[in-house]
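Some notes on the structure that comes next.
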Amino acid sequence: MKLSEEGRLATKHFFLGIGWGFAWLAALVLAEAISNGLKWGHL
């Protein structure tokens, strides 16, 4: 068993998941801000 290699893969996927989570959250917040700006006529 190559435990260190599996650990590196797991760590990489873990941080990729966090990165995708933050990107998805930022996209949702940005879309909400844009829709609110259009609704209130700020944009």
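Read-outs: derived from the displayed coordinates by stated rules, not from any lab. These figures come from a predicted structure and were not determined experimentally.
Could you run the Karplus curve 6.51 cos²θ - 1.76 cosθ + 1.60 with θ = phi - 60° over region 16-31 and give me ³J(HN,Hα) per residue in whole Hz, x for Gly and Pro?
5, x, 4, x, 5, x, 5, 5, 5, 5, 5, 5, 5, 5, 5, 5
In Å and on Cα atoms, what radius of gyration and Dmax does the chain show?
When restricted to Cα atoms, the chain yields Rg and Dmax of 18.3, 61 Å.
Work out, step by step, the length gained on full extension between F15 and L38: first 0.36 nm times the residue separation, then minus their alpha carbon distance; give nm to one decimal.
So the chain would gain 4.8 nm between F15 and L38.
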